[in-house]
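Below you'll find the structure, written out as structure tokens, and then a few comments.
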Amino acid sequence: MKPISLLETTQKRHMLVELKNGETYNGVLVSCDNWMNINLRDAICTSRTGDRFWRITECYIQGQTIKYLRIPEEVIDLVADYEAKKQAEWQERAKAREESGRGRGRGE
């Protein structure tokens, strides 16, 4: 299981993000990229000390600031299906390229 597949499967689900500075964000994952930069919606930010809270409609978190992520357990079961689906899509694209004649060199 690849970490990026785990994150992509978690989209549209609640998750908790703890940053290296101690702040936590609890919200719905909207999107992520290969550098683990994530967008959360309807997030609640908790201060480092845990005594202050903020409600944020949308926030962007850089991957390099993330300490750990907590995701729902049911997502782990869905990752294998997600990876199989992505693999099938890649195979279809490769087959289509092969049939179209692209990438075969210089007119051979």
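The values are calculated or read from the model by the stated rules, or taken from the named source; none is laboratory data. All figures in this text were calculated on a predicted structure; none of them were measured in a lab. Cβ coordinates were reconstructed from backbone atoms using ideal geometry, including for glycine residues, and neighbour counts include every protein chain displayed. Quick note on the areas: whole protein, heavy atoms, side chains included, nothing else; ligands and nucleic acids left out. Shrake-Rupley method; radii C 1.70, N 1.55, O 1.52, S 1.80 Å.
Here are the numbers for the structure shown:
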| quantity | calculated |
| --- | --- |
| Test set (1) assigned to a loop (DSSP other than H, G, I, E, B); (2) open to solvent by 100 Å² or more (accessible area, probe 1.4 Å) - Trp90 fails condition number | (1) |
| Residue that is farthest from Lys86 (Cα to Cα), among those in region 1-11 that are open to solvent by 30 Å² or more (accessible area, probe 1.4 Å) and in a helix (DSSP H, G or I) | Pro3 |
| Residue list for region 73-87, filter: part of a helix (DSSP H, G or I) and acidic (Asp, Glu) | Glu74, Asp77, Asp81, Glu83 |
| Subset of region 65-90 [of a type in the set (S, T, N, Q) and touching a residue at least 24 places away in the same chain (Cβ under 8 Å)] | Thr65 |
